[in-house]
Amino acid sequence: MSYIPSALRRFVTQRAAGQCEYCRFPQTASFFAFEMEHIIAEKHGGLSIAENLALACTYCNRFKGTDLGSLDPDTKKLTPFYNPRLQQWSNHFRLDGAIITPLTPEGRVTVKILQFNLSERIIEREQLISSGE
């Protein structure tokens, strides 16, 4: 993995408003520091530039890894993940209580592979919602 300068890290963090750009979990509620995630992994030719970096929580970054997409559970077609640099979150996902519901094929593969709705993640979201975050 290449070095990401501190100024670029600050820019990515500020642009994300301190939230995971995939699941929207706030960094202030996380025990672990969020990570610079390559939307297109370096092994696939992705560069360490602002247009290819996203702020990601530990869960999302680990589950995504270097993958670019997966098979849509509905259509069984190879589908790319949601791309926070090119797409609007609200076009692909909806928050139903503490559940993140996918709205598109990209949303479905992202929810499935990044495991947005694991029981422990839902519990964390419920706690945040009940505390007003």
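All of the numbers you see were taken from the coordinates with simple rules; none came from a lab. Predicted model, so just to flag it, every value in this text is computed and none were measured. Using ideal geometry, Cβ is built from the backbone for each residue, glycine included, and neighbour counts are taken over all protein chains shown.
See the values below:
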read-out	value
Failed condition for residue 132, given (1) under 19 Å from residue 30 (Cβ atoms); (2) in contact (Cβ under 8 Å) with a residue 40 or more places away in the chain; (3) assigned to a loop (DSSP other than H, G, I, E, B); (4) not polar (S, T, N, Q)	(2)
Residue pairs meeting the criteria (Cβ under 9 Å; at least 6 apart or on separate chains; first in a helix (DSSP H, G or I), in segment 94-111; second basic (Lys, Arg))	105/77; 107/94; 110/64
Every residue from segment 112-129 that is under 12 Å from the mean Cα position of the chain (by Cα) and in contact (Cβ under 8 Å) with a residue 60 or more places away in the chain	114, 116
Filtered residue count, segment 1-24, keeping only those that are in a helix (DSSP H, G or I) and not small (Gly, Ala, Ser)	8
Pick from segment 5-23, criterion surrounded by fewer than 15 Cβ atoms within 10 Å (Cβ to Cβ) and aliphatic (A, V, I, L, M), ranking: farthest from residue 61 (Cα to Cα)	7
Qualifying positions in segment 112-123 - out of contact with any helix residue (DSSP H, G or I) (no Cβ under 7 Å at 6 or more places or on another chain) and either over 17 Å from residue 73 (Cα atoms) or not in a helix (DSSP H, G or I) (or both)	116, 118, 119, 120, 122, 123
Residues of segment 74-133 that turn out to be among the aromatic types (Phe, Trp, Tyr) and touching a Gly at 6+ places or on another chain (Cβ under 7 Å), as a count	3
Flag for residue 75 being of a type outside the set (Gly, Ala, Ser) and closer than 30 Å to residue 7 by Cβ	no
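Here is a yes/no grid of residues against (1) among the acidic types (Asp, Glu); (2) within 22 Å of residue 122 (Cβ to Cβ); (3) more than 15 Å from the chain's Cα centre (by Cα):
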| site | (1), (2), (3) |
| --- | --- |
| 60 | no, yes, no |
| 69 | no, no, no |
| 74 | yes, yes, yes |
| 79 | no, no, yes |
| 82 | no, yes, no |
| 97 | no, yes, yes |
